[in-house]
Structure formats: C-alpha cells, structure tokens
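Every number here is computed from the coordinates shown, using simple stated rules; none is lab data. What you are looking at is a predicted structure, and each value in this text was computed from that prediction instead of being measured. When we count neighbours, we look across all protein chains shown, and the Cβ atoms used for this are built from the backbone with ideal geometry, even at glycine.
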Amino acid sequence: MVLSCQDIGKSFGDVPILSHISFHIDDYEKAAIVGINGAGKTTLLKIIVGEYQADEGIVTFGKDTSWGYLAQHGALNTDYSIYDELLSVKQDLIDLEQKIRTAEALMKSAEGASLEELMERYSRLTHQFEVQGGYLYRSELVGVLKGLGFDQEDFSKPVNTLSGGQKTRVALGKLLLQKPDFIILDEPTNHLDLNSIAWLENYLLNYKGAVLIVSHDRYFLDRVVGKVIEIDQTRSNVFSGNYTQYAQKKEQLRIAYMNAYLNQQREIKHQQEVIEKLRSFNREKSIKRAESREKLLNKIEVIDKPTEVHTDMKLILEPAVTSGNDVLQIENMSKSFGSLHLFSGLNLDIKRGEHVAIIGDNGTGKTTLLRILNGLEQADTGTFKLGTNVEIGYYDQVQQLLHPEKTLFEEISDTYPDMSNTKIRNTLAAFLFTGDEVFKQIKDLSGGEKGRLSLAKLMLSNANFIILDEPTNHLDIASKEILEDALNHYAGTLLYVSHDRYFINRTASRILELCGKEFFNYIGNYDYYLEKKITPVEDTVQASNAPTESKLDWKSQKEELAKQRKRENDLKKCEDMIADLEAKISDIDTKMALPEVACNSAELNKLAREQADLQDKLDAQMELWETLA
C-alpha cells in the first residue's frame with residue numbers, strides 16, 4: 001500500500017466539501033478521482049500532499065514511499081533551459097559520472113597500490129552508475145521531452161520564456177524523470193496534444209509505481225486506470241475498473257437506488273394515509289394504533305433522493321432553416337504567420353448533416369482555420385464558399401465573442417433583442433445560471449462559466465452549420481455528456497476542433513487530420529481513425545477530391561511501409577548492439593576485479609582503454625537509438 005485515506009473531512013466556512021472520504025491505493029495501482037466541477041477533487045489532492053489541512057480524518061503514506069505531485073497549474077519559472085531543467089533531476093548521476101571520469105584520468109598515471117585502489121573505486125562507481133541507469137538517462141530525458149511535444153530546437157529555450165501550458169509540461173517531465181513510488185497528477189492532459197496524450201498513456205501504463213489522477217479526459221482514464229474513486233455530494237464511492245466500467249456500474253446503482261427511494265416513498269405515503277384514516281375514526285383504540293404506526297414510521301431511515309442525471313442542464317440544438325447539400329467548400333487555402341507556415345493548398349468539401357472533427361498536433365493551424373471561416377482571420381491564398389442558406393454558429397474556445405463588461409443577461413438580450421425576459425432567464429437557468437447570477441459581469445466568470453454562456457448563446461441561434469473550437473474545455477464530465485447527446489441529435493452540419501478523444505468518438509462521423517500542412521480524411525469516429533492510422537489502407541486519402549502531387553497513392557504507401565520496416569529492423573539491430581556493448585563493458589569490469597589483473601598495471605590500462613573505446617561506441621549507438629525510436 002502506498003496511500004490510505006480514512007474518513008477525510010473538509011469544509012470551507014459553513015459549506016462541507018468533503019465528508020468521510022475513505023479509500024486506499026496499492027503498490028503499482030493506477031487510480032482516478034472523478035466528480036463534477038466543484039466536487040472537491042483538487043481539494044482532496046491538496047489534503048493528501050499536505051497543502052491543505054483536513055478538518056478530520058487521517059492521510060497515511062506507505063513506509064518509505066516516495067511521491068511526486070503535479071498540480072493543475074504546476075508551472076515552473078526558472079532561468080534554466082528546458083533541457084537543463086530536466087537534467088537537474090539527474091544531478092546524482094551527473095555527479096557520479098564526473099567521479100568516474102576523474103578516476104579514469106587518475107588511472108592513466110597511477111601505479112601499484114594507488115592504481116589498485118583506483119581500479120577498485122572505478123569498478124564500484126561504474127557498477128553503481130550502470131545499476132542506476134546511468135548509461136540511459138540522457139536518452140531517457142530526450143525521450144520524455146519529445147514525448148511531451150517538445151522539438152529538439154525547443155530544448156535550449158529558457159523555461160521563463162515559455163507559455164503557462166509549456167511550463168506545466170516541463171514540470172510534468174521533471175516529475176516523470178524523478179520516478180517516485182507514487183505519482184499524483186491533477187489534469188495532466190490539459191496542455192498536451194493527441195500524440196503527447198497517447199505517449200503519456202503508454203508511459204503511465206508501463207510505470208513501475210502507483211498513479212493517482214484527477215482528469216476529465218475519459219478516453220485517457222479508460223486507457224490508464226483500473227480503479228475509480230468518485231466524489232458525489234461530498235462522499236466517496238470506490239469502483240473497480242476503468243471509466244466506462246465505472247459509468248456502467250454507476251448507472252446500475254443509480255437505477256437500483258432510485259427504485260429503492262421510490263418504493264420507500266410509496267410506503268411512507270401509504271403509512272401516512274393509514275395513520276390519518278385511523279385518527280379520523282376518533283376512537284381510543286384506533287388513535288393508539290395510529291400512534292403506534294407513527295412511532296414505527298419515525299424510526300425509518302429515510303433514503304435521500306438520488307441525484308438525477310442531466311436534469312440541471314438541457315441543451316437542444318435545432319436548425320431553423322435547412323441548408324443546401326453543399327455546406328462548405330475550401331479551395332487551395334494557405335496561411336502563414338511570418339516564417340511560421342501553418343498550412344498550404346488546403347482543399348475541403350463538407351456536405352449537409354456531416355459531423356466532422358479536425359485533429360492534429362498543437363500549432364498546425366486548426367484554430368486559425370476556424371477563425372478564417374468565421375471572418376476573424378484572413379487566408380493568405382485560396383478561397384472558401386458557403387452553400388445555399390448556410391448560417392454559421394461559432395463557439396470560440398477563449399470566448400472572445402463574449403463582451404467582458406456586459407452581464408450574462410445583457411449578453412443574451414443584446415444578441416436576441418426580441419426575446420422575452422422570461423425566456424432569457426429560463427435559457428440561462430438551463431445552463432446553471434439562476435437568481436442574481438444572471439447579473440454578474442462576464443469578466444468575473446470562470447472559464448467553465450464562460451463556456452456554458454457561449455453554449456447558451458449558441459443554443460438560441462438559428463445556425464445550421466455549427467463550428468466549435470475545443471467545446472469540452474472547462475466542462476466537467478456530466479456537462480460533456482449533455483453536449484454530446486445534443487450534438488448527436490443535431491440535424492444540421494457540425495465542424496469542430498477537439499483534443500477530447502472520447503467526445504470525438506461519440507460525435508464524429510468523419511475525421512480530418514491536419515498533418516504536414518494538409519488534410520487526410522478518415523470516414524468514421526476516433527476508434528476508426530486509430531485503426532486505419534495504425535494499419536494503412538487504400539481509402540485513407542487527402543480530404544480534397546482534386547488531384548494533387550502530394551496525394552498518397554498505393555505505390556507511395558508501399559514505399560512508406562518499406563521504410564517503416566527498415567526503421568524497425570535498424571532499431572532491432574541497434575538494440576542488439578547496445579546489449580552486446582553493455583555486456584562487453586560489464587565483462588571488462590569483472591576482469592578488472594580479478595586479483596591477478598588488479599596487480600598488473602599494464603593489463604589494467606589496456607582494459608581501461610578497451611572499455612573507453614566500447615563506451616564511445618555505446619554512446620554513438622544510444623544517439624542512433626534515440627533517432628530511430
């Protein structure tokens with residue numbers, strides 16, 4: 001066991017946030033904490049790591065358990081470069097390596113007992129260095145940085161010049177390289193693109209330690225965790241399995257609990273009616289029987305009404321006018337910002353009723369393309385054309401289309417001046433804005449609240465072509481599911497950018513991957529995309545139907561497959577060579593420790609030279625392995 005939480009309770013003022021929270025995490029276990037926004041997930045993590053003091057209960061770490069914590073906004077701010085910041089984690093190996101180099105230098109001129117002592121020390125140091133992964137730590141560091149989305153040219157950038165998201169990624173890289181027994185992560189995928197999230201999933205799945213995660217990324221949780229700790233109405237419930245299995249069990253329990261509640265309510269009502277009837281007889285015997293029943297009724301432990309699913313927020317999207325069959329056509333579009341070339345020669349056709357998701361690495365121009373379609377940016381070249389009766393509704397991930405100085409009520413009423421006050425209030429209430437909250441200024445809202453307001457505006461529009469930029473950012477899981485259900489029933493056309501793979505899987509009928517400055521088309525959801533991405537097929541082509549020189553034909557696919565096989569063979573040969581060189585280096589260490597060799601300075605010097613030569617070859621193979629891997 002690495003962690004035990006027993007009866008944790010926490011209140012802020014008179015408001016209870018957590019009560020009687022109990023669970024444990026075993027060695028090597030991967031677990032998640034889930035719950036709606038405001039349920040107390042981050043508060044619980046802060047209690048576990050000691051940033052907050054619990055009002056009651058006990059947090060216990062396993063004996064000698066080392067742990068590391070990445071906060072939701074766990075950014076670093078140092079003068080070091082990205083590479084040096086991560087390298088600082090390996091300072092003990094750097095110091096050990098320096099001691100080995102010093103011993104090597106001294107051995108060249110030492111003789112007799114002095115040489116023997118140096119050789120013994122050298123053998124001990126190199127063995128320690130090898131056991132602690134000294135021959136791999138630099139390649140491991142590079143692998144972590146590249147896995148988290150940093151390119152080689154980024155390595156020298158000072159950390160204090162990075163964006164908040166990049167700083168958080170550096171902090172995550174440091175934590176992973178420290179390799180504690182227990183990793184605690186709060187929303188680790190927030191600043192990662194799809195490739196980096198997939199890399200992190202594999203890293204955590206193979207991590208030789210325990211992991212506790214708070215995340216709204218359901219696809220990520222499905223892939224990584226085997227236990228789910230739910231916080232619901234301040235209390236905890238523990239489920240075995242991944243997120244989907246938890247959701248299924250939760251729904252089964254909710255139905256059973258609701259049936260028990262309804263049955264009890266019917267029985268209570270029946271008993272109350274009987275008591276009232278007995279009293280109405282106004283006889284001593286009947287009154288005593290009524291009092292007896294009343295005492296039994298008062299002893300019943302009343303079941304609280306379970307929380308209803310999706311009753312607080314409803315989203316109905318219905319186009320007022322049907323568009324023509326051709327909704328959007330993009331021809332030969334390109335866009336650059338200075339020396340940064342985002343995309344060029346983009347061609348795309350979207351038909352009525354399609355639900356299209358755009359995916360790709362950060363910085364490829366996905367959001368820029370949406371902004372061009374909405375008139376917020378100008379393309380450098382190319383054109384786009386909307387079809388007959390097409391009316392766009394746009395959801396902006398940073399809510400730039402909201403007016404900070406207006407109240408929520410004014411934002412809706414000014415956009416829809418013919419709407420009655422009652423309908424405005426009802427619309428805002430559907431998105432959890434009630435009472436005096438409707439008179440809050442937009443500049444005072446949280447990111448999630450702004451997102452809900454933008455969705456409310458979108459719901460009221462007559463749009464038949466909805467364009468969404470990261471619509472699930474800042475939404476909790478329940479709100480995401482509401483939005484997914486609404487979009488799945490939407491009869492209009494949908495185009496969106498998202499990193500939420502679970503959301504894409506549920507809502508997309510077509511995926512466009514923006515890669516290498518052009519589109520590649522997959523007719524299906526995210527699981528289909530993954531299947532076809534891993535297994536190349538002939539029907540995976542560019543989104544454009546117009547012939548271009550860069551379009552992948554079958555011959556070029558075969559050539560790419562041949563290159564991939566060669567890379568895999570080269571990687572295998574490289575790994576075999578590394579293993580062989582490491583074995584030879586280890587053999588020399590063994591020879592040097594032999595009494596008859598330790599007394600022979602000529603032989604020791606010869607072996608040291610051989611070992612240095614082998615080490616140079618090993619370093620070269622390690623660099624090659626990094627490139628191939």
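Annotations for the structure displayed:
- Looking at the stretch 88-137, the GluC sites (Glu not before Pro) that sit in a DSSP loop and have at most 12 other Cβ atoms within 10 Å of their own Cβ are Glu111.
- Taken over the C-alpha atoms, the stretch 326-553 has Rg and Dmax values of 18.6, 61 angstrom.
- Length-normalised contact order for the chain - Cα pairs under 8 Å, 6+ apart - percent: 14 percent
- 3J(HN,Hα) couplings calculated from phi for the stretch 599-604 with the Karplus curve 6.51 cos²θ - 1.76 cosθ + 1.60 (θ = phi - 60°) are, in sequence order, 8, 10, 5, 5, 5, 5 Hz; Gly and Pro show x.
- Pairs beyond 30 Å (Cα-Cα), from Lys10/Lys305; Lys517/Lys572; Lys99/Lys573; Lys227/Lys443; Lys227/Lys517: Lys517/Lys572; Lys99/Lys573; Lys227/Lys443; Lys227/Lys517
- Partner aspartates and glutamates whose Cα lies under 20 Å from the Cα of Lys406, excluding those fewer than 8 positions away in the same chain, are identified as Asp396, Asp414, Asp418, Asp436, Glu437, Asp444, Glu449.
- Neighbourhood charge, 13 Å Cβ-Cβ cut-off, centred on Ser334 and excluding it, Lys, Arg +1 and Asp, Glu -1: -2
- Taking Arg565, Arg279 and counting other C-beta atoms within 10 Å, the order from fewest to most: Arg565, Arg279
- Here's the picture: a label point sits 7 Å out from the Cα of Asp361 along the beta-carbon direction, and within the stretch 149-171 the residues with their amide nitrogen under 14 Å of it are 149-155.
- Given charges at beta-carbon only (K, R positive; D, E negative), |dipole| of the chain in Debye: 2320 debye
- Leu468 long-range amide H proximity, modeled H, under 5 Å: Tyr395, Leu495, Tyr496, Val497
- Using a Förster distance of 25 Å, the FRET efficiency for Leu624-Asn160 (Cβ separation, nearest 0.05): 0.15
- Applying the criteria of a DSSP loop state and at most 12 other Cβ atoms within 10 Å to the GluC sites (Glu not before Pro) of the stretch 370-457 yields Glu405.
- The residue among Ile424, Gly448, Ser334 whose Cα reaches farthest toward the positive pole of the charge dipole of the stretch 326-553, with charges on the beta-carbon of Lys, Arg, Asp and Glu, is Ile424.
- For peptides 203-209, 26-32, 366-372, sequence by mean Cβ density within 10 Å, most packed first: 366-372, 26-32, 203-209
- Packing around the peptides 568-579, 608-619, taken as the average count of other Cβ atoms within 10 Å per residue, puts them in this order, highest first: 608-619, 568-579.
- When both bridge partners sit in the chain, DSSP labels roughly 55% of those beta bridges antiparallel.
- Positive minus negative residues near Asn605 (Lys, Arg vs Asp, Glu; Cβ under 12 Å): -1
- Taking every C-alpha pair closer than 8 Å and separated by at least 6 residues, the mean separation divided by the residue count of the stretch 383-505 gives a relative contact order of 34 percent.
- The candidate values were (i) 30.7; (ii) 39.8; (iii) 46.6; the one computed from these coordinates for mean projected area of the Cα convex hull in nm² carries the label (ii).
- Peptides 480-490, 233-243 ordered by average Cβ neighbours within 10 Å, highest first: 480-490, 233-243
- Model label sites at Lys563 and Leu205, defined 7 Å from Cα along the beta-carbon direction, differ in position by 2.6 nm.
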